[in-house]
Amino acid sequence: WVLSLCPFVVHQAVSTSMAPGLPQDCLLPLLELLDADGLATLRSALNLHNLDGEAHTALLRAVVLELLLNTKFPFTHAAYVMGLNGTYYSLDTIAEKHYGIPRALPTLLCALFRHMVPNVPFTTIRIQKFAAAANFGAQHKTLAFSLHADPTHQEETYEEETHEKLEQIHDNEVPTESLGISDVGYVLCLTAGCTGGFGERRAKNGPWYRLAGKETSRHWVSFPRDSELRWHWPRVGDLYAVTVTCESPELCGKLRRRERRDMANVGFKLPVDVESEATSNDELEEGTTLTEPQMSNLPSRRPSSAHVTAAKRLLRLDNVVAPSLGEVDVAFRSAARQVHPDRMASNSPIPASWLMSQLTWARRVLREAATLYDASELEGANDLEQNDGGDVPMLAAP
């Protein structure tokens with residue numbers, strides 16, 4: 001019944017009679033109950049003064065939660081990694097056409113962390129979903145795992161010293177200068193309503209301590225990255241855990257220039273020294289690569305006019321003088337759908353595998369032509385007789 005009153009409270013708050021004298025102690029609980037639309041209305045209608053930052057944070061959390069609720073997680077492993085996943089760049093970082101991750105989720109996750117924990121470099125975001133539907137026996141929990149990937153930190157003396165320093169980190173505090181940026185992790189738990197479900201951490205072979213749960217949804221909880229973690233599934237509802245870490249400078253330095261550019265566009269904050277050093281190295285490497293005359297990804301010779309004409313006929317590009325790479329790919333996908341075994345007649349005299357081989361050959365020829373030819377060289381290709389394709393072995397029936 002409390003949630004049902006939220007629209008009425010917002011309506012009263014934005015009215016001219018109640019807005020000037022709305023007590024601040026009423027606003028703080030309201031920020032936790034409103035959804036994203038309600039928070040946006042509240043911020044646009046009221047002058048919240050010193051609570052505007054709290055309202056902005058609550059709005060970001062609410063929008064992120066709505067996107068997490070719309071995220072389609074894999075059944076076998078309900079988790080995604082964005083940014084740098086150990087030694088590899090995760091392809092889930094760019095969610096432009098992702099099958100499960102909403103397009104705006106990576107950017108808003110980065111914005112939420114940068115707003116709540118400013119001036120802290122981070123390279124990795126992990127999102128996990130713990131659903132009560134998968135809590136078999138109401139006691140389901142993960143195995144103990146660690147996010148620490150640097151083998152140099154496995155020495156016993158250094159591990160104890162680092163853990164002792166990190167024990168002094170409190171919630172919402174930025175690591176001190178004596179600690180490495182890759183030594184600390186942060187976790188935020190979000191839920192639309194759940195019972196149970198929480199995370200634990202421990203030092204190596206030590207006792208377990210509660211790390212985070214739905215009660216910590218208003219702030220990021222910091223933890224030593226060399227700790228072992230364990231998550232318990234909720235008994236009712238879904239719990240989402242967002243973990244943010246920064247990989248070691250050695251791993252960050254292996255990112256390519258395009259990968260760093262994509263991460264920066266999303267909102268990740270790479271260490272400044274690693275970013276500048278890697279950028280200069282990549283610029284030198286890319287300049288050398290582009291001037292190399294024998295690149296492995298370029299065709300070694302030009303396709304003949306007969307091959308180009310036959311390939312255009314297969315992909316139904318006869319009316320296009322000089323197909324671009326994009327046009328070739330679109331035509332190939334369209335033609336490939338037509339020769340799919342599910343769409344072809346069962347009594348077809350030509351097997352689908354052979355037709356697919358022809359289309360693949362045609363795409364390769366036209367891509368080579370688009371790379372090496374210009375429009376003037378292809379203008380005469382359409383003037384060739386149709387029987388020129390008979391000399392192409394690829395077009396002969398099996």
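Derivation of every value follows stated rules applied to the coordinates shown; laboratory data play no part. Every value quoted in this text rests on a predicted model; they were computed, and no experiment measured them. Cβ sites come from the backbone with ideal geometry, for glycine too, and all protein chains shown count toward neighbours.
Below 8 Å, C-alpha to C-alpha, sequence gap of six or more: please give me the relative contact order for the range 35-109 in percent.
Across the range 35-109, relative contact order equals 25 percent.
Site pair Arg333 and Ala192 shows an inter-label distance of 3.1 nm when each label is modelled 7 Å from Cα along Cα→Cβ.
At an R0 of 25 angstrom, the distance between the Cβ atoms of Trp354 and Leu325 translates into a FRET efficiency of 0.50.
Could you sort 201-211, 251-261, 356-366 so that the peptide with the highest average Cβ count within 10 Å comes first and the rest follow in order?
The densest-packed peptide leads the list: 356-366, 251-261, 201-211.
Using only the C-alpha atoms, the convex hull of the range 186-273 corresponds to 128 Å³ per residue. From the cross-link list Lys214/Lys254; Lys72/Lys141; Lys72/Lys254, which pairs have alpha carbons spaced over 28 Å apart? Beyond 28 Å between Cα atoms: Lys214/Lys254; Lys72/Lys254. Shape class for the range 50-138, computed from the alpha carbon gyration tensor (a ≥ b ≥ c): oblate, with a/c not under 1.5 and a/b at or below b/c.
Using the Cβ-Cβ distance between Arg235 and Asp318 with R0 set to 45 Å, the FRET efficiency works out to roughly 0.10.
Computed extension gain for Ala133 through Ala40, at 0.36 nm per residue and net of the alpha carbon distance, reaches 30.3 nm.
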